[in-house]
1. Applying the Karplus parametrisation 6.51 cos²θ - 1.76 cosθ + 1.60 with θ = phi - 60° to the phi angles of segment 506-512, what ³J(HN,Hα) value in whole Hz is obtained for each residue in order, glycine and proline being reported as x?
2. Of the GluC sites (Glu not before Pro) in segment 303-355, which ones lie in a loop per DSSP and count no more than 14 other C-beta atoms within 10 Å?
3. With all pairs of different alpha carbon atoms counted, what Kirkwood hydrodynamic radius in Å does segment 128-245 show?
4. Could you calculate the FRET efficiency of Glu118 with Asn740 from 1/(1 + (r/R0)^6), where r is the beta carbon distance between them and R0 is 22 Å, rounded to 0.05?
5. Quick one: work out the % antiparallel among DSSP beta bridges in the chain, nearest 5.
6. One-quarter of the Cα convex hull surface for segment 374-418, in nm²?
7. Between Lys543 and Lys253, what FRET efficiency follows from the Cβ-Cβ distance if R0 is 35 Å, with the result rounded to 0.05?
8. Using the Cα centre of segment 609-713 as the reference point, and only Cβ charges (+1 on K/R, -1 on D/E), how large is the resulting charge dipole? Debye, rounded to the nearest 20.
Amino acid sequence: MGTSRRKFIKISALGFGGVAVAASTMESLGVNAYLEGLALENSLEKLKQTATYCEVCFWKCAGWVHSDNDGNIHKIIGNDIDPHCNGRLCPRGTGGVGMYTDTDRLKKPLVRKVVNGEETFVETSWDEALTLIATKMKDIKSVYGAESFGLLKHGSPGSHFEHLFKAYGSDSIAEPAYAQCRGPRETGFGLTFGSWVGSPEPTDIRDTKCLVLIGSHIGENMHNSQVQEMSDAIDNGATIITVDPRLSTAASKSQHWLAIKPSTDIALLLAWMNVLINENLYDKEYVEKYAFGFDELKAHVQQYTPEWAYGVTTIKPEEIRKTARIMAAAAPATIIHPGRHVTWYGDDTQRARAMAILNGLLGSWGRRGGFYFKEKISIPKYPHPPYPTPKWGWEEIGEKYPFAEMGITNELIQASIPSEENEYPIKAWLVAGTNLNNSIPNKKLLEEAIEALDFMVVVDTMPMEITGYADVVLPECTYLERYDGIRSATNREPSIALRMPAVEPKYDSKPAWWIAKQLGERLGLQDFFKYEDFKEVIAWQLKQMGTSLEEMEKIGVKKFPRESGPMYLDEGQDHEFYTDSGKIEFYSTALESQGFDPMPKYTRHPEPEPGYYRLNYGRSPMHTFSRTVNNPNLNDLKSENDLWINPKVARILNLKKGQYVWLENQDGVQSSFPIRVRVTERIRWDSVYMVHGFGHNNKKLGRAHGKGASDTQLISQVAIDPIMGGTGMRGNFVKILTENPAKTVEV
Ligand SMILES: Nc1nc2c(c(=O)[nH]1)N[C@H]1C(S)=C(S)[C@@H](COP(=O)(O)OP(=O)(O)OC[C@H]3O[C@@H](n4cnc5c(=O)[nH]c(N)nc54)[C@H](O)[C@@H]3O)O[C@H]1N2
Ligand SMILES: Nc1nc2c(c(=O)[nH]1)N[C@H]1C(S)=C(S)[C@@H](COP(=O)(O)OP(=O)(O)OC[C@H]3O[C@@H](n4cnc5c(=O)[nH]c(N)nc54)[C@H](O)[C@@H]3O)O[C@H]1N2
Ligand code: SF4
Ligand SMILES: [Mo]
């Protein structure tokens with residue numbers, strides 16, 4: 001294939017479009033009908049109910065799908081006994097049926113071919129597509145080694161391909177939910193308490209007296225039971241303190257909104273420590289018993305007074321003192337929330353450390369209303385031969401970052417660009433359930449890597465941007481049409497949830513487990529896939545756990561008793577933390593031994609040049625990343641994002657509400673599509689804000705194409721966290737253009 005072969009395939013690919021199908025009844029009803037629970041309520045009795053857990057985001061709420069025998073899904077509702085949702089799905093989960101009904105879905109396997117001198121996708125059979133992929137996997141293995149075939153994944157399909165890749169001999173695996181999301185907090189809290197935060201977070205919000213949110217915009221971030229618990233905590237009189245440059249939904253429910261200058265949070269956290277220590281407000285007994293390095297910390301934070309922090313953060317000293325005293329008064333039922341998407345400014349592990357240390361000073365780890373000791377039940381492994389040992393894998397690819405605990409997506413992408421220094425060359429990718437074009441900052445790097453690959457497969461449900469770069473596209477059926485692994489997640493008490501097909505797969509789509517097994521068999525790895533149907537695996541596992549598929553089909557969710565001991569520490573109880581010292585590490589010898597600051601310090605970050613505003617982004621309660629924008633139900637609720645602009649800025653630039661503008665960042669990158677102005681006091685004058693996930697440029701996304709702007713496109717500066725390799729994305733600045741700079745829009 002020639003050098004430009006991986007050009008994005010733009011228009012009217014062969015056999016791709018298909019006939020326009022009339023809007024289904026469900027579509028015409030609109031999502032509001034679902035939300036109000038009105039849709040066909042009367043006929044519910046006659047409908048079949050099947051157990052599932054939601055795949056619209058990764059909170060994985062368990063629910064019931066109500067469907068009829070004609071393959072129509074009427075409704076999805078929450079499972080009452082599920083601790084992730086307590087019987088209520090969020091709007092996205094309710095509207096998840098749109099993933100099934102979306103007529104823009106991928107329908108057939110596609111291969112890239114040259115037809116009449118033009119590259120295009122051609123429909124093919126599963127057998128042909130799978131044989132082609134298996135042949136390429138064999139070729140790569142014999143020429144470079146299996147290690148050179150990388151897996152980039154997210155969500156349920158990921159685990160099936162992870163099994164295939166490990167059996168094949170590759171551990172070159174990464175997902176954007178680490179280095180673009182939670183990574184720094186897991187490392188920061190891990191170094192401090194010896195335990196990952198994990199998902200769902202073990203924050204005891206339901207019993208808290210004081211919840212401190214640093215950026216975390218719960219309410220827009222719709223992680224279900226967390227939102228429910230926060231709302232209960234508010235009803236119970238808990239104090240909410242929100243630190244956010246924007247008046248988020250959470251900030252609007254808070255007694256204290258600290259409209260911090262972006263990128264200065266570590267200064268505030270250090271000043272809070274200064275007050276707690278100097279005013280003797282910290283939990284002395286807890287610190288004496290469990291913490292390591294208090295004296296060093298005390299000496300370290302003397303320089304960080306509230307007066308000093310005022311100059312950095314723009315938060316008044318008396319506000320800093322007052323909020324520190326409130327936290328201390330509520331302690332240990334105080335939570336400094338670890339956040340979730342924390343790859344902001346490149347010193348994110350250190351910010352996470354500062355948040356963890358603050359929790360330690362307040363004595364909130366292992367205490368009611370703070371953080372509980374979580375537990376999950378492990379799912380028995382279905383028997384298979386041992387995996388071969390790869391010569392290298394994600395750890396070596398990310399070896400520059402000593403505290404990385406999972407594959408670093410951006411490093412795996414970098415390793416795909418040929419160079420002499422590259423010891424770990426990646427030659428091919430299988431991409432499953434991640435739309436890298438919308439989740440990886442630094443588009444240039446991504447495109448250079450994709451261009452250099454020998455081969456690329458994408459497994460998706462939708463014709464997302466990433467599919468346009470593939471050699472082979474495989475249509476997975478949606479979560480409503482398949483079995484998947486048993487859900488087991490950490491929580492107050494262990495629970496499991498079942499996902500089974502409610503309806504037959506539409507079109508010619510197949511589940512990931514089936515795709516992985518088919519590839520495995522073609523690679524001679526049949527011993528790793530000794531079942532006809534994934535249902536057998538689940539049935540076997542459930543039996544080992546003392547239940548059965550029949551029971552789980554009836555109940556959907558099953559709870560198990562805790563076995564690891566109480567959720568909270570008893571008064572004066574001895575406890576060993578899984579850190580080097582066995583204690584909560586205020587001072588990290590592990591960081592020090594690798595040449596990093598053992599205690600967090602404040603460092604300054606770049607600020608916008610005149611005429612530029614910091615690009616801030618977040619979540620919409622109606623959407624998940626870029627994956628739901630084309631969903632007919634959710635698109636109905638919100639079809640484009642808007643640009644939050646402070647009235648002062650709107651006045652200077654003479655911008656009116658509702659007007660469309662374009663953006664250009666510090667590197668001259670322009671937004672492909674216009675975005676609508678929203679003038680609001682809720683954003684600081686030095687920043688603008690938009691919801692992530694919009695601005696799709698694939699025309700096959702009928703509803704999403706060209707709607708709104710993409711934050712990802714404008715993120716070309718990335719501040720890499722030297723500790724674990726996360727990509728800080730909030731150091732990008734934009735100016736606002738009132739005329740279309742391109743005239744011809746890039747598609
Ligand atoms: N509806 C919905 N919910 C979701 C998701 C979704 O796609 N849709 N995605 C889920 C996932 S995977 C994740 S990781 C989480 C992410 O959700 P969070 O972890 O809550 O994300 P953050 O990036 O912390 O939150 C964005 C907030 O940070 C603020 N912010 C920006 N810069 C700064 C700063 O310098 N300092 C401070 N203190 N605040 C700042 C923004 O104004 C915004 O309010 O959401 C989860 N929940
Ligand atoms: N600019 C910017 N970048 C970000 C973020 C941000 O806020 N701004 N957030 C970051 C965070 S916190 C995260 S967690 C990541 C998320 O990054 P991604 O996981 O890449 O999120 P999506 O963009 O939703 O891509 C999900 C893909 O999975 C497909 N999909 C959905 N369901 C299925 C299924 O059942 N099977 C298969 N095979 N595919 C399916 C969707 O069609 C879509 O193409 O992005 C990170 N990147
Ligand atoms: S929070 Fe909403 S979208 Fe996420 S899993 Fe639960 S119902 Fe689905
Ligand atoms: Mo995330």
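1. Per residue, the Karplus-derived 3J(HN,Hα) values read 6, 6, 10, 9, 9, x, 4 Hz.
2. Values: sites: Glu307, Glu318, Glu319; in loops: none.
Answer by residue number: there is no such site.
3. Values: mean 1/r = 0.0563 Å⁻¹.
For segment 128-245, the Kirkwood estimate is 17.8 Å.
4. After rounding, the FRET efficiency stands at 0.20.
5. Values: 40 of 83 bridges.
The antiparallel proportion sits near 50 percent.
6. Details: hull surface 22.5 nm².
Projected over every direction and averaged, the Cα hull of segment 374-418 covers 5.6 nm².
7. Working: r = 46 Å, r/R0 = 1.31.
According to the calculation, E is roughly 0.15.
8. Values: 16 positive and 9 negative charges, 76 e Å.
So the magnitude is around 360 debye.
Each value in this text was obtained by applying a stated rule to the coordinates, not by laboratory testing. In this text the structure is predicted, and so the values were computed from the model without any measurement. Counting neighbours? That spans all protein chains shown, and the Cβs are built from the backbone with ideal geometry, glycine included.
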